[in-house]
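These notes concern the structure reproduced below.
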Amino acid sequence: MSLSRHINPNLLSLCNLSSSWIYENLTKILRVGEEGGNTCFGLTMRLHRELVKLGYVPKLLLGHKKHIKNAHCALSIIDNGTELFLDPGYLIFDPLPIPADIPQLNKITFPLQPNWVRLEREGENLCLWTGVANEAAKFRFYFPLKGCTTEEFNLAWEESYTGESMKYAVFNKLDKKNGIQYYYQNGKLLTRTMNGATQQKIESKDRAEVLSSIFGLDRELLSTPFLF
């Protein structure tokens, strides 16, 4: 399936540009800047603003797990009559067509690299699954396609500041051109390609240099030891 077929070239350019955005919660934890950090809420709202500039009317989507509400967020838009799903917070920078609510046609798998994506329609809910080489697909979130209001989104965003993920640093980056994902948490760097994943421990004395070089983060911010 060609993801670019019939999609506005200006939208594709924006998506390619946004693929350089990095997920990181450090600025959110430290409340640095006014953007609310570069976690899913900050990245989604950033993309929302850019889509509005292109003339779209994006719909804000809150993502839930079975026992956790508002655990994630994403967007949908209508482009040339097709409803598209965008999820910068999960490093999904390609505009993915949302499946129809029709048996046998309610699932679409997208061969993205290094993580492939499956969208599954269950009535008015959209389920997100991802998979990598040599591993089974994993259910991630479900999104009510009716969307939410800006007020509901902002409330969930504010509540996210009290979540478990605010107690330690997490960095996530996609090198879309080469199909490589870099993920850092708890002193360990995971590097994933289409052929599998490798993990290495980053010594504390090297963390500022390594994380700055990979994720482009300010070294002064990386000097917050209790987060690592």
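The values are calculated or read from the model by the stated rules, or taken from the named source; none is laboratory data. Source: prediction; values computed, not measured. Here the Cβ is made from the backbone with ideal geometry for all residues, glycine too, and neighbour counts use every protein chain on show.
Miscellaneous remarks
- Looking across region 107-129 at every residue that is among the hydrophobic types (A, V, I, L, M, F, W, C) and touching a residue at least 40 places away in the same chain (Cβ under 8 Å), the one that is farthest from LYS146 (Cα to Cα) is identified as PHE110.
- The single condition among (1) within 25 Å of GLU164 (Cβ to Cβ); (2) modelled with pLDDT under 95 that CYS73 does not meet is (2).
- The single condition among (1) touching a Pro at 6+ places or on another chain (Cβ under 9 Å); (2) over 20 Å from PRO58 (Cα atoms); (3) of a type in the set (Lys, Arg) that ARG121 does not satisfy is (2).
- Pairs where the first residue, in region 90-106, is closer than 16 Å to CYS15 by Cβ and acidic (Asp, Glu) and the second is surrounded by fewer than 18 Cβ atoms within 10 Å (Cβ to Cβ) and at pLDDT below 90, C-beta under 7 Å, 6+ apart: ASP94/LEU3
- Residue in region 99-114 that is crowded, with 18+ Cβ neighbours inside 10 Å and on the phi > 0 side of the Ramachandran plot present: no
- Odd one out for LYS201 among (1) at positive phi; (2) over 18 Å from the mean Cα position of the chain (by Cα): (1)
- Scope region 173-188; condition surrounded by fewer than 17 Cβ atoms within 10 Å (Cβ to Cβ) and touching a Pro at 6+ places or on another chain (Cβ under 7 Å); matching residues: GLY179, ILE180
- Residue check for PHE85: among the aromatic types (Phe, Trp, Tyr), modelled with pLDDT of 95 or more, crowded, with 18+ Cβ neighbours inside 10 Å and within 30 Å of ALA169 (Cα to Cα): yes
- When residues in region 75-90 are screened for being in contact with a Ser or Thr (Cβ under 8 Å, 6 or more places away or on another chain) and aliphatic (A, V, I, L, M), 3 of them pass.
- Candidates PHE141, PHE171, filtered to the one that is in contact with a Cys (Cβ under 9 Å, 6 or more places away or on another chain) and of a type outside the set (A, V, I, L, M): PHE141
- Selected residue (criterion: farthest from the chain's Cα centre (by Cα)) from residues of region 123-137 that are in a strand (DSSP E or B) and either at pLDDT below 95 or under 16 Å from ASP94 (Cα atoms) (or both): GLY131
- Leading residue by the ranking (modelled with the lowest pLDDT) among those in region 17-53 that are surrounded by fewer than 20 Cβ atoms within 10 Å (Cβ to Cβ), in a loop (DSSP other than H, G, I, E, B) and of a type outside the set (D, E, K, R): GLY36
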